[in-house]
1. Please give the FRET efficiency for THR123 paired with ALA11, using the beta carbon to beta carbon distance and R0 = 22 Å, rounded to the nearest 0.05.
2. Among PRO27, TRP74, PHE92, which residue has its Cα furthest toward the positive end of the charge dipole of segment 2-92, with +1 on Lys/Arg Cβ and -1 on Asp/Glu Cβ?
3. Who wins for biggest fluctuation among SER96, SER69, SER111 in a Gaussian network model of the chain, springs between alpha carbons below 10 Å?
4. Taking amide H positions as placed in the peptide plane 1.01 Å from N, state which residues far from ARG32 in sequence (5 or more) or on other chains have amide H under 5 Å from it.
5. Restrict the search to segment 60-138; then list the trypsin sites (Lys or Arg not before Pro) that DSSP places in a loop and that have at most 12 other Cβ atoms within 10 Å of their Cβ.
6. In whole Hz, what ³J(HN,Hα) sequence does segment 36-42 give by Karplus (6.51, -1.76, 1.60; θ = phi - 60°), x for Gly and Pro?
7. Tell me, what HN-Hα J-couplings in whole Hz come from the Karplus equation 6.51 cos²θ - 1.76 cosθ + 1.60 at θ = phi - 60° for each residue of segment 96-111, using x for Gly and Pro?
8. Based on Cβ point charges of +1 for Lys and Arg and -1 for Asp and Glu, what charge dipole magnitude is obtained for the chain about its Cα centre, in debye rounded to the nearest 20?
Amino acid sequence: MVRILVFCINAQEHLEFTKGLSAVDEPDIWARTLDDQISLWIDIGEPAVDRVKKAARLAQAVRVYSFNSKSDVWWGQGREKFARLGVSIFRFQWESIQELAALLQRTMNLSVTITGDSAYIATEAGECEVSWVPLQIS
């Protein structure tokens, strides 16, 4: 569900999901230019600093969306190293992500409305609001 939400937040031409966990050399989501350059690399979770460093070399822009309950620890440990990489990092509140996950159904329609640093998600099963905090903007 977080991948879908992040896709909506970053919606643009040529944005697409990658193979995900089965392709460790690819991000979760990316946008490629017509000449096959990576214009946007998006990782979701708490990637290692080395992975983000590699992404910063390969892509014109890198964004990381963290959402785990231990996201604060990950950020605290890597903050100084990430600052040197010129990437953007955002954090979702874990409780909001749990609310979003609770709406998941096998087949579903969902509506996403984004305003500022917040998304309102509505489904047949219910609704929730998910906000994010920019930890580092590049």
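1. According to the calculation, E is roughly 0.75.
2. Working it through, the farthest residue towards the positive pole turns out to be TRP74.
3. Top of the fluctuation ranking is SER111.
4. SER39
5. Sparse-neighbourhood loop trypsin sites (Lys or Arg not before Pro): LYS70, ARG84, ARG106.
6. Those phi angles translate into 6, 7, 8, 8, 8, 10, 10 Hz.
7. Karplus-based 3J(HN,Hα) across segment 96-111 equals 5, 5, 5, 4, 4, 5, 5, 7, 5, 9, 4, 10, 7, 10, 9, 10 Hz.
8. The dipole magnitude comes to about 520 debye.
Where a number appears in this text, it was derived from the coordinates with a stated rule and is not lab data. Everything numeric here is computed off the predicted structure, so don't read it as measured data. Note: ideal-geometry Cβ built from the backbone for every residue, glycine included; neighbour counts use all protein chains shown.
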